[in-house]
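Working notes, structure below.
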Amino acid sequence: MTQSTVLPTPTNGKEASKPQTEGPPPPGAPTEVVPRARRRSFTAEYKRRILQEADSCTQSGQVGALLRREGLYSSHLTVWRRQREQGELGLQKRGPSPADPPPKEMARLRRDNERLRKRLEQAETIIAVQKKLSNLLGIACEAPPKDGSR
């Protein structure tokens, strides 16, 4: 239930009637959606191509024209050249760098690993004894499926 009201709006000195709706727009009507800002990301291939073009510029103003055409800043070239010289162009991933776990955590993980290894050895020994015992008693035991499912 939308109501239409006619409000006079000046157009080139003349008044025209333009219906304006109140409330939500009807289904299928175009609406303005403001996109959420996103940081630009560049592929390693794109960076290499732009650096190659910038390096091939010989006349004054060509690099500036390249940057304007591509919508880049000179700082992009500076960072990309540094990455290229260090062999890191395209290798860097966003986010915090993975840090080594603290020594206490490493010691705890090693202890847990050793404890679990011992339990696994015990379980394998028990299973081997059970198999031998079932063979001695003549009890047929079915082999586990080879695909890992039970």
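Read-outs throughout are calculated quantities, based only on the coordinates presented, and are distinct from any laboratory measurement. These numbers were taken from a predicted model, which means no experiment stands behind them. Cβ sites come from the backbone with ideal geometry, for glycine too, and all protein chains shown count toward neighbours.
Summary of computed values
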{"item": "Pairwise Cα inverse-distance average, inverted: Kirkwood Rh of the range 44-86 (Å)", "result": "10.5 Å"}
{"item": "Range of Cα positions in the range 19-136 per principal axis (Å), largest first", "result": "89, 59, 34"}
{"item": "Inter-site label distance for Glu45 and Lys146 at 7 Å from Cα along Cβ, in nm", "result": "4.3 nm"}
{"item": "Eligible aspartates and glutamates near Lys132 by straight Cα distance, threshold 14 Å, same-chain separation 8 or greater", "result": "Glu124, Glu142"}
